[in-house]
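Encoded as structure tokens, the structure appears first; notes follow it.
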Amino acid sequence: MTIQRHYDLPNCRLIIEGWSSDAPDTSDRPVLSMVTNAECHIAGHAHPLKGGKAFIHGLAQTVNTYAQGLLSNIPRDSANAGVRLNRLGLNRHQLIVQPDGGDTNGAAPDSQAAAKPTEPLEIELTTVQLFDLSEAVDQLVADTQTLPDLVLPLSSVSRRSVVSQEPLAQRVIPAALGASGLAAAAIALFFLPPPEFRPTETEANPAGEEQIDSVVETGDAAADGPDPSADSSSPETQEAPEVQEPEAQQPEIQEIDPQTESRAIPEGSEVSPDSDIEPEEIAREATPSVLADDSTIDELFTNAAPLSDGDQISALVLQLQRSISQEWEGVAETDESLIYRVGTDEDGAIVGFKPVNDVALDYADQTPLLALTQTPPAGLGQGPLGQFRVVLQPSGVVEVSPWYGRPPEE
Amino acid sequence: MPVVLNTLPEPARGIQDCPKRARQQLDLLLLAIEALDLSGSEALLQVAADLNLQSVIGDRVNLWRLRSTNPLRRNSQRQPMGLKEAKALTLITCHLARRRTGTIRQLLLAHQQLQDKQLSFDHNFGLAHYLGRFQAHFHSRMNPKRAAVIAYRDPEKLHTLALDLLNQLLFCTGTAGPQRLWASLFDGEVS
């Protein structure tokens, strides 16, 4: 028994013909489960859209998807190839129906679609017409007695399918911006010098000694040339035995000044005013008689790895102070402190020392340091070196502090 | 929880509250309804009562706070809108739209006729009235400093928005209107 169902809206009439596949249903309104023919009459268009099961399923799916896209303004492609909808404007929509091949069950021969089987049928709809079509489909779907297997999957569009609707060029822009930004940052950072680690010295130098230190260091830096390790590890008190000719030295000091300043040494600011010190003075300071031949100590102080264990440094400070105090009885001829840079091995044995100020140089032979200094063993310079600042007061007091300060607490 | 809310399914897992675009869309649809009908805001509370949604919507102040979660609002509230409240507003919007189906269809037909004859909106009183009221509502309630609102200073664009909302309201009137609107609110938000 053929069943016909009508869904009437002002601008659209949907007619479904088919039969019930189940056993004869005695109820008033039997279930229409097999569709043989479907017609969709749109007001203003003489020829109805016709088709079979594929047509009505495609129509339902496409109209539903499109209507949801209208509500969210996020269009989504319908997966159905048979029926398509395109938006032409605010109020205009284009419905394109591909002819239904072989599924029309004899209804096709007299339809327009069958007359031109390869030509898709295009209909322009207003929003109200489209709504009526959508409503007719919704009523058909809501009708449990007609095509119960027709359900509309009302689901939200996934984020992925929204993204994929942007053109490739637009999707590439953020990535390109990020990559070029990174490149620009890398180029800019390439010109910046790596930051230097410079532990601050806790004990302040007496002002007079600082000035001399700076001058000596400047001369040394000029003589050594661009040796980055020497610059960074012991920039303060390098002696420069090589510096013999003040005339040649003077311009180089000027040249080095900006560099020392740019390294932001606290004493660096005092270098510039000092550069007008008499060349003879520089020469006198820079040519120590005692240690002129002892460039290995310079090298040692410069290159040896410093001790890093805070406890060990503290122990060595105590040990050094005790051993020097036992021997140091003070000096009567001067009232200035004697300052030395002393290097020890890990056990606290003195392996070398350097006078820091000129008094220290003058009275070096009266200190116990020479006597306490061990003959450097063959493997010297391999292990870490403890460096200390030893201040011998003329009164006989000994002060010892780590040259590089104490490492920060963990 | 009111039973009527169960007619709308839970969105995908992981969505706890209403996305930004959904809050904006719900408020703008209600704004369009208010532009259609002078008594729109009163009707809104009445429909909430009819649908037994008072426990969700609450009083006038709470309704205002819910609608102010629209980021375009002048006094936009930064608090989120829960799914329960969003469902209630969806149902109310569709209910109000369905009551005004006739008006909405008339206005859309009028717009289409004006377009066909290439006439301006002023030639249809109803349409001009709706657009004017929507424009006034929009400018008085939306934050003029927001970039998205600045774009609507152009009357042409605001008219397009108002007509687009009218189109959307028509689809809200349908049999599956609430479910379709609800699904559309999360378009592009689910993974």
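The values are calculated or read from the model by the stated rules, or taken from the named source; none is laboratory data. Everything numeric in this text was worked out from a predicted model, so none of it was measured. Positions of Cβ are backbone-derived with ideal geometry, glycine not excepted, and every protein chain shown enters the neighbour counts. Only protein heavy atoms, including side chains, enter the accessible area calculation; ligands, DNA and RNA are left aside. Shrake-Rupley method; radii C 1.70, N 1.55, O 1.52, S 1.80 Å.
A few remarks follow.
- Within region A:144-170, tally of residues that are at pLDDT 75 or above, under 15 Å from B:ARG180 (Cα atoms) and loosely packed, with under 11 Cβ neighbours inside 10 Å: 1
- Residue count for region A:70-86, restricted to those that are open to solvent by less than 40 Å² (accessible area, probe 1.4 Å) and within 8 Å of chain B (Cβ to nearest Cβ): 4
- Hits in region B:102-112 - residues which are facing chain A (nearest Cβ under 10 Å) and either open to solvent by 20 Å² or more (accessible area, probe 1.4 Å) or not in a helix (DSSP H, G or I) (or both): B:ARG105, B:GLN106, B:LEU109, B:GLN112
- Check on B:GLN135, closer than 27 Å to B:SER55 by Cβ, touching a helix residue (DSSP H, G or I) at 6+ places or on another chain (Cβ under 8 Å), in contact (Cβ under 8 Å) with a residue 24 or more places away in the chain and assigned to a helix (DSSP H, G or I): no
- Segments classed as strands (runs of 3 or more DSSP E), wholly inside region A:1-77, with at least 2 members that are of a type in the set (A, V, I, L, M, F, W, C): A:2-9, A:12-19, A:34-42
- Enumeration of residues in region B:147-182 that are within 11 Å of chain A (Cβ to nearest Cβ), assigned to a helix (DSSP H, G or I) and without any contact (Cβ under 8 Å) to a residue 12 or more places away in the chain: B:THR160, B:ASP164, B:PHE171, B:ARG180
- Pair list, Cβ < 9 Å and 6+ apart or interchain, from region B:58-70 residues that are farther than 16 Å from B:GLU42 by Cα to residues that are aromatic (Phe, Trp, Tyr) and open to solvent by 50 Å² or more (accessible area, probe 1.4 Å): none
- Residues in region B:119-160 that are aliphatic (A, V, I, L, M) and in contact with an Asp or Glu (Cβ under 9 Å, 6 or more places away or on another chain): B:ALA128 only.
- Filter result for A:ILE96 (under 53 Å from the mean Cα position of the chain (by Cα), assigned to a strand (DSSP E or B) and either surrounded by fewer than 20 Cβ atoms within 10 Å (Cβ to Cβ) or at pLDDT 85 or above (or both)): yes
- Residue list for region A:332-341, restricted to those being open to solvent by less than 10 Å² (accessible area, probe 1.4 Å) and either free of Cβ contacts under 8 Å to residues at least 60 places away in the same chain or over 18 Å from A:THR302 (Cβ atoms) (or both): A:LEU338, A:ILE339, A:TYR340
- Failed criterion for B:GLN79 (all others in (1) modelled with pLDDT under 90; (2) within 24 Å of A:GLN68 (Cα to Cα); (3) touching a helix residue (DSSP H, G or I) at 6+ places or on another chain (Cβ under 9 Å) hold): (2)
- Residue within region A:48-68 that is within 14 Å of chain B (Cβ to nearest Cβ), over 46 Å from the mean Cα position of the chain (by Cα), surrounded by fewer than 17 Cβ atoms within 10 Å (Cβ to Cβ) and among the aliphatic types (A, V, I, L, M) present: no
- Under the condition of being away from chain A (no Cβ under 11 Å), surrounded by fewer than 18 Cβ atoms within 10 Å (Cβ to Cβ), in a loop (DSSP other than H, G, I, E, B) and in contact (Cβ under 8 Å) with a residue 12 or more places away in the chain, the residues counted in region B:1-29 number 5.
- The test for being within 14 Å of another protein chain (Cβ to nearest Cβ), free of Cβ contacts under 8 Å to residues at least 24 places away in the same chain and either in a loop (DSSP other than H, G, I, E, B) or more than 54 Å from the chain's Cα centre (by Cα) (or both) holds for A:GLY89.
- Answer from B:ASP187, B:ASP116 - the residue that is part of a loop (DSSP other than H, G, I, E, B), within 13 Å of chain A (Cβ to nearest Cβ) and out of contact with any Phe, Trp or Tyr (no Cβ under 9 Å at 6 or more places or on another chain): B:ASP187
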